[in-house]
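> Please find one structure pasted underneath; my questions will follow.
The values are calculated or read from the model by the stated rules, or taken from the named source; none is laboratory data. As the structure is a prediction and not an experimental result, all values here were calculated from the model. Cβ placement follows ideal geometry from the backbone for every residue including glycine, while neighbour counts extend to all protein chains displayed.
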Amino acid sequence: MKQLIVTADDFGAALAVNEAIERGHADGVLTAASLMVGAPAAADAAARAHRLPKLCVGLHLVLVEGRPMSDPADVPDLVTADGTFRTDMARLGADIFFKAGARRQLAQEIEAQFEAFAATGLPLDHVNTHKHFHLHPTIADLIVEIGPRFGMKAMRTPAEPRAVLVAVEPAANPPPAYLTAPWAWLGKGRLRRAGIETPDQVFGLYWSGAMTAERLAGLIRCLPEGLSEIYLHPATAAAYDGCAPGYRYIEEFEALIDPAVIAATRAEGLALGGFADFARLAQRTP
């Protein structure tokens, strides 16, 4: 059986993002959203989510390119002089791995973000991280240690099958994922041993910020068996404060409500939902 989760990341980043997520869920194929609890429009996002009980909302942990939930003075190894998270991911990753103090600060910040999500009163559907920083084994281990105390039952591992991308768009030439793929597969095994659900395959890496309606419909039609997640970054504005340069936000929003995309999700043998929906389905299946 083919099961599909269509997720919007960066919920709470801006009102234009929140509006796209609400409309993409109400009028399109969006089934899940990942909330940035420290982002400028996080309160608005949570309020919208409470009005959308079928939208499965998870935590989008931000450990780079944002503001911590902790007092910056308490996490000095994670932030710059202005109190925002560092952007030098390679060097930050090394600090986290080698410095005990940085690891303690990281654990504090991860717990603070889980606590902020719990304070919204929303059920926790899943967890993922901004820039897929949980591919770092230290970050992944801390999330697996802390998350279950807050009800974490599912987490993304970004393993994207190249063959499917080429089937959708023969001219596609995704580079080999020599750096990320081994960590993604190791992470998948780690999560499943811990009893945490993770998709069999994830799409959105190669076409990040460029998930057009044609690509989204093609992915849905070419899905492998098992549980797939497709993630996007929709917004109703072409740009907003803190947005990624070059991302086609409006096109990604329009893809969610495109008639051809909606039609593709109605194929026989395809189930659409969030992690919690499929967990409930599994409990009912003998």
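> Could you say which residue among Val166, Val202 is closer than 16 Å to Leu223 by Cβ, surrounded by fewer than 15 Cβ atoms within 10 Å (Cβ to Cβ) and of a type outside the set (Gly, Ala, Ser)? I'd like the intermediate steps shown before the answer.
Details: Val202 fails: surrounded by fewer than 15 Cβ atoms within 10 Å (Cβ to Cβ).
Of the residues listed, the single one that is closer than 16 Å to Leu223 by Cβ, surrounded by fewer than 15 Cβ atoms within 10 Å (Cβ to Cβ) and of a type outside the set (Gly, Ala, Ser) is Val166.
> Before we move on, is Arg86 more than 17 Å from Gly274 (Cβ to Cβ) and either in contact with a Pro (Cβ under 9 Å, 6 or more places away or on another chain) or crowded, with 24+ Cβ neighbours inside 10 Å (or both)? So that I can check it myself, show each step before the final result.
Details: more than 17 Å from Gly274 (Cβ to Cβ): yes; either in contact with a Pro (Cβ under 9 Å, 6 or more places away or on another chain) or crowded, with 24+ Cβ neighbours inside 10 Å (or both): no.
Answer is no for this residue.
> What number goes with the only condition from (1) closer than 26 Å to Glu22 by Cα; (2) out of contact with any strand residue (DSSP E or B) (no Cβ under 6 Å at 6 or more places or on another chain); (3) surrounded by 16 or more Cβ atoms within 10 Å (Cβ to Cβ) that Leu92 does not pass?
(1)
> Also: If we only count helices (runs of 4 or more DSSP H) wholly inside region 147-259, which ones have 1 or more residues that are at pLDDT below 95, among the aromatic types (Phe, Trp, Tyr) and more than 15 Å from the chain's Cα centre (by Cα)?
Details: elements: 162-168, 180-193, 213-221, 249-256.
Because the criterion is at least 1 residues that are at pLDDT below 95, among the aromatic types (Phe, Trp, Tyr) and more than 15 Å from the chain's Cα centre (by Cα), the helices (runs of 4 or more DSSP H) in region 147-259 that meet it are 180-193.
> Here's something else I'd like to know. Does region 62-76 contain at least one residue that is under 21 Å from Ala154 (Cβ atoms), in a helix (DSSP H, G or I), in contact with a Ser or Thr (Cβ under 8 Å, 6 or more places away or on another chain) and not polar (S, T, N, Q)? Spell out the reasoning first.
Here is the first cut: in region 62-76, the ones under 21 Å from Ala154 (Cβ atoms) are 62-63.
Cutting the leftovers down to in a helix (DSSP H, G or I) gives us none.
Taking every residue of region 62-76 in turn, none turns out to be under 21 Å from Ala154 (Cβ atoms), in a helix (DSSP H, G or I), in contact with a Ser or Thr (Cβ under 8 Å, 6 or more places away or on another chain) and not polar (S, T, N, Q).
> Could you say which residue among Ala217, Ala235 is surrounded by 16 or more Cβ atoms within 10 Å (Cβ to Cβ) and closer than 23 Å to Met1 by Cα?
Numbers: Ala235 fails: closer than 23 Å to Met1 by Cα.
Being surrounded by 16 or more Cβ atoms within 10 Å (Cβ to Cβ) and closer than 23 Å to Met1 by Cα holds for just one of Ala217, Ala235, which is Ala217.
> Moving to a separate point now. So Thr87 passes all but one of these: (1) at pLDDT 95 or above; (2) assigned to a loop (DSSP other than H, G, I, E, B); (3) not charged (D, E, K, R). Which condition number does it fail?
(1)
Here's the yes/no breakdown for (1) at pLDDT 95 or above; (2) within 16 Å of the chain's Cα centre (by Cα):
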position: Gly58; (1), (2): yes, yes
position: Asp74; (1), (2): yes, no
position: Arg103; (1), (2): yes, no
position: Ile110; (1), (2): yes, yes
position: Ala119; (1), (2): yes, no
position: Leu124; (1), (2): yes, yes
position: His132; (1), (2): no, yes
position: His136; (1), (2): no, yes
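> Also, quick follow-up: Take the residues of region 263-280 that are part of a helix (DSSP H, G or I) and surrounded by fewer than 16 Cβ atoms within 10 Å (Cβ to Cβ): which is farthest from the chain's Cα centre (by Cα)?
Step by step, filter region 263-280, then rank; the result is Ala263.
> A follow-up question, please. If only one of Thr31, Thr7 is at pLDDT 95 or above, closer than 27 Å to Ala107 by Cα and hydroxyl-bearing (Ser, Thr, Tyr), which one is it?
Working: Thr31 fails: closer than 27 Å to Ala107 by Cα.
Of Thr31, Thr7, the one residue that is at pLDDT 95 or above, closer than 27 Å to Ala107 by Cα and hydroxyl-bearing (Ser, Thr, Tyr) is Thr7.
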